[in-house]
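As structure tokens, the structure follows; a few thoughts come after it.
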Amino acid sequence: MTSPVKSTSALLYLSGVTVSFDGFKALNNLSLLVEPGEMRAIIGPNGAGKTTMMDVITGKTRPDEGEVVFDGQADLTKLDEADIATLGIGRKFQKPTVFENHTVRDNLLLALAGQRSWYRLLLAAPTKAENDRLDEILTVIRMGPQQHMLAARLSHGQKQWLEIGMLLAQDPKLLLVDEPVAGMTDVETETTAAVLREINKSHSVVVVEHDMSFVRALGVKVTVLHEGSMLAEGSLDQVSADPRVVEVYLGR
Amino acid sequence: MIQRFLWRGLDTKLRLFIGLVLLVGIVPPLLNLLMPPGSPFYVPAWMLQLVGKYLCYASLALAVDLVWGYCGILSLGHAAFFALGGYCMGMYLMRQIGSRGVYGNPVLPDFMVFLNYKELPWFWHGFDHFWFAAPMIVIVPSVLALALGWFAFRSRVTGVYLSIITQAMTFALLLAFFRNDMGLGGNNGMTDFKDILGFPVQADGTRATLYFASALALALFLMIAGAVVGSRFGKALTAVRDAESRMRFLGYRVEGYKLFVFVLSAAMAGIAGALYVPQVGIINPSEFSPGNSIEAVLWVAVGGRGTLIGPVIGAFIVNWTKTYLTGALPEVWLFALGGLFVAVTLFLPRGIVGLWGQYKARQERTKRTATA
Amino acid sequence: MLNPRPLAALVSVLVSLVLGTAAIAADLGSLVANLTTGGFGDRETAITALAASGEARAAPILEALSAGRLYVRSADKLVVIGKTAGNQLALTDAITGQPAGTAAEDALERVRVNNRLRGLIDDAVGSLTLMSPDPKVRRSAGDSLFKQRNPAALAAVEHALAAEKDAGIKRVFAEARASMMLASDEAPKAQKLEAIQVVRDRGDRDSLGILETVASASQDADIKAAATTAAASLRQTLSVWEAAQNVWYGISLGSVLLLAAIGLAITFGTMGVINMAHGEMVMLGAYTTFVVQQTIRAYAPDLFEVSIVIALPLAFLVSGAIGVLIERTVIRFLYGRPLDTLLATWGLSLGLQQAVRTIFGPTNREVAAPSWMSGSFLVGQIDVTYGRLWIVVFALLVFATLILLLRKTPLGLYMRAVTQNRPMASAMGIRTPRVDALTFGLGSGIAGLAGVALSQIDNVSPNLGQGYIIDSFMVVVFGGVGNLFGTLVGATTLGIVNKFLEPYAGAVLGKILVLVFIILFIQRRPRGLFALKGRSVE
């Protein structure tokens, strides 16, 4: 990575990214562009490298080779998770992870964009603006009445909602969403698609998903990963027609 | 500002508890000093010494709880910070002996004369002044905690690995302090103290004061810990404990949080150790033995990790039992201690305070269902 | 150094040596008689003469003299050796070696010696045994003369050298001669220079001492220079041997660490269970050995030599069974809570220690080494004890067996399946609880085997295990968790590093440095030397 960071208009720019674990190439010369305001779906069979790609973007895994640039200037390969999150990349995990021993409101407070340094937080009390923002989000996710309840006591669906609230509170420029509808009913899947489209109005979103009907419901550009590299890109209909994609999904 | 910070963290329960601690700190020494020895209200000196020791242990337990209960760092080396604080105090007390030692050397402590030291090692300089020794009691353990924590947290050593590292640290210190050429008394450590701040260590008044100081320190630590865990910092801290990587993806620099509580906790342990030494009259390398640190963890587990009151209660209960059993049935004590470790982890993971909380919650639920 | 009188005696003896042994045998009586007469000065002459005679009886007579057990019977002036038997002394004729009845102490007159004479006698006995029919005795006599460097025995050595048939012993004698030559003032320069080479070629620590003395004390510039050069080159050779010796010590320590850590590598490395009572499993193995040995001593003393071999399977079973018991009653309730497991097993370790203390007492128990495990031999200048060698072999055997077990047996297959994907293994019909218990039992059993080995080199006490637990964790973590070969490399590396630090830093400081090194190492590579990488790690 001796070359200076490339200036690009893309919000997220991956070029020639390679990651190997003990000889196994989880990502192999992967390149990907996400424009500001875009929503992108990433699909691919198991082991295609979807999660590793997310790990690379969020700083959890360092690539062996390649460039990862955010917002045209930040070289993500040199930053850690906290830096990258502060830059404005949010990540939602497949399993809802909320802070179980905190109240709903505290969960949102922890996620709220702004103060992160430990010595400031020792003395800081939530400001009026922060409290207003929390109330606003609580209204959006319809959890005002449960705001003082411990997150551990929420139902599965409520936790999903709380997590979406936390993402809203974090207010990232780019949101990475990992298999959001795994284990959901059809109705819940529909609702989630709608929520994501809503979020996409003000944020860029990258969704990793298995579920084809969900991807269809999103109606966005699709990237197909296979064995760590990009196999095809385009609308869902286009990529479904691609014989290589068909072979990867059905061939074996 | 600081006052508000300290006061804000306290809920009513904690305020009451701190009041209780202060009461325990004031009443017995007064009874010891003012009542005649024959009176039923007289508190004998040995009792003051014993409870004074427990108060120091309670401070150590609170320090362990702050990192373990609130931040998920199971330190198996906290007794090392306690002992380092104790050694700093021991060095000051050794220098206060002056020429009253067995060998009558005005500068060198007895063990150095015995080991043919020609002059005072460089790190002993300054310890003849309390104004120098007192900050050292805080600085020495803190710097060790800072160095260890900085390395460990930055490279994301967590969980069991971190525990083993802390244990290795205290083990290495144990070996080091056993050496005579460490210049800290070797195997025998330091003892035969005479004066502290010009007052004889053995005098009733000094004992009562040290006892009170131990209670005061505990009360202060409870306030500080309450303020820390009650702040937004504390919320972030427990979130780090429960889901560290989630906090990273939210943009929190987790290392800073861990490092701060780790150092704060080490400083508390150091002060507790410094108050402990003049009361028991000796400090030696066995204080570093890994078993001591794990025992401190047990006090927290018994009382209730992740609560502020729990460690204090745990330290008193376990140590009182220990005093009783090692006196009455010495064979049984280690079985009891071992059994306690197993029983608490298997049946009482939230400790005594947690048990009380469960009981209250169940009562509340039955009341609610009754009214509904 | 030599006064003329003994020298004269020596010359006379030398002459008689050349004349043949038979002539001297007849003379033995007069030689012994000379011992008992005259002052200390005369006695000195007599001792030297007797020593140089090469008589078989000379050694016991001189030893008796040195010990103050040589008497002259007042009644008949017979020289006898006395041995306490009740109130009386049992007598032996000094010259013939035949029993000569008993006598009370006051019927005898002791031949007195002083310390100076005792020293002389010791030297003399050394040269006497040069002619012994036992090659071992001859060799050790040659060695001791080499170290004593007393030129007085030169003639005796020359004589023995000429008579010697065994090439190895011949060399030892030649070396002894060289060392004496260097200590003598008379030897010609050429011989001395030759001797320097002989001593240099012997190549051990004593040789270096001799060369250094010559280099500093010699008056002759050539000899001084030759000795200095030889000493320097020998010093270099020796430092290589010393390094090799340290490597061997390191391997030996490494094998101990490997034995202690290998069971932990299974319970901690593959199951993720942190067992603080692992050291106590080792301790139980050592106590099993003790019990087995006591039983064999009492009931089947013939089997004593193999008692350790018998203890091996029993130690495995005892520790393994207790391991299974612990897993079933405590640890299985704590899966997924590593810190609680740590605390609970610490509690178990306290209980086990106290139990053993109650049963066997707090003091050290002695486990004797069988004869095939005692003694040592030299490889070049490396001193190898049989006990350590067997432990290295044993550690490697256990390691190899374990690898085979994991790779080739169904249990190994199940174990690997369960560690990699528990729900899947369970779905395929593997009884995961049983596999957990067996895995834990296996790790504990191996710790028991380690205990058998450690009983040979460490004190068998209730605290035995405590000394190894931290080291074992360090080895496993250093080598890389979940990687048995990492454990092997880790143990060997730490063993060798430890032994190389010891000479410079001392044993304790060396250990501290190793601990600090590992602490720093874990910071850099938290997953160890041979880390598994990838998503599954988290």
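A short reminder: the numbers here are calculations on the coordinates, not readings from a lab. Just so you know, these numbers come straight off a predicted model, no measurement behind them. Using ideal geometry, Cβ is built from the backbone for each residue, glycine included, and neighbour counts are taken over all protein chains shown.
Before moving on, here are some points about what is shown:
- Fewest-first ranking of B:M223, C:M415, using other Cβ atoms within 10 Å as the exposure measure: B:M223, C:M415
- In chain B the Cα-Cα distances spread across 20 Å bins starting at 0 as 27, 57, 15, 1, 0 percent of all pairs.
- Alpha carbon centroid spacing (whole Å) that separates the range B:299-326 from the range B:85-109: 34 Å
- Rounded to 5, percent antiparallel among DSSP beta bridges of chain A: 55 percent
- Folded to 0 to 90 degrees: helix C:4-19 orientation relative to chain C principal axis, Cα: 90 degrees
- Chain A: translational diffusion in µm²/s, Stokes-Einstein, Kirkwood Rh over Cα pairs, 20 °C, 1.002 mPa s: 111 µm²/s
- For chain B, averaging the sequence separation of C-alpha pairs within contact (under 8 Å, six or more residues apart) and dividing by the residue count gives a relative contact order of 32 percent.
- Nearest-0.05 FRET efficiency for A:S9 and A:R244, computed from C-beta distance (R0 25 Å): 0.30
- With R₀ fixed at 45 Å, the C-beta to C-beta distance from C:E194 to C:A33 puts the FRET efficiency at about 0.65.
- Helix-only arithmetic for chain B: the sum of -39500 (n - 2.57) across DSSP H runs with n ≥ 4, divided by the residue total, places the mean residue ellipticity at 222 nm at -24500 deg cm²/dmol.
- Relative contact order of the range C:242-537: 38 percent, from C-alpha pairs under 8 Å at least 6 residues apart in sequence.
- Candidate lysines for bridging to C:K170, where Cα separation is under 30 Å - those fewer than 8 sequence places away on the same chain excluded: C:K136, C:K147, C:K189, C:K192, C:K224
- In plain terms, chain B is cut at each of the chymotrypsin sites (Phe, Trp or Tyr not before Pro) found in a DSSP loop with at most 16 other Cβ atoms within 10 Å, and the longest leftover piece is B:104-372.
- Between helix C:432-454 and chain C: long-axis angle, C-alpha atoms, 0 to 90°, nearest 10: 10 degrees
- Nearest-ten-degree value, helix B:351-371 long axis tilted from longest Cα axis of chain B: 20 degrees
- P(r) histogram, all alpha-carbon pairs of chain C included - 20 Å bins from 0, percent: 18, 33, 28, 17, 3, 0
- Unit Cα scatterers, Debye sum, the range C:57-203: log10 I(q)/I(0) for q = 0.15 Å⁻¹: -0.79
- Listed cross-link partners B:K258/B:K322; B:K235/B:K360; A:K60/A:K159; A:K78/A:K201 are compared with a 28 Å cut-off, the Cα-Cα value being larger for B:K258/B:K322; A:K78/A:K201.
- Beta bridge orientation in the range A:109-252: antiparallel %, DSSP, nearest 5: 50 percent
- Only helical runs count toward this figure. For chain C, summing -39,500 (n - 2.57) over DSSP H runs of n ≥ 4 and dividing by all residues gives -23000 deg cm²/dmol at 222 nm.
- Sorted by Cβ density within 10 Å, fewest first, the residues B:S99, C:S255, A:S213: B:S99, A:S213, C:S255
- Overall form of the range C:242-537 per C-alpha gyration tensor (a/c, 1.5; a/b vs b/c): oblate
- Beta bridges per DSSP with both ends in the protein assembly as shown, % antiparallel, nearest 5: 70 percent
- Taking all pairs of distinct alpha-carbon atoms in the range A:98-171, Kirkwood radius in angstrom: 12.3 Å
- Percent RCO, i.e. relative contact order, over chain C, from Cα pairs under 8 Å lying at least 6 residues apart: 15 percent
- By the count of other C-beta atoms within 10 Å, a proxy for reagent exposure, A:E38, C:E109 are ordered fewest to most as C:E109, A:E38.
- Placing a label point 7 Å from the Cα of A:N29 along the Cα-to-Cβ direction, the residues of the range A:222-252 whose backbone N falls under 16 Å from that point are A:226-232.
- Over all directions, the projected convex hull of the C-alpha atoms in the protein assembly as shown averages 65.8 nm² in area.
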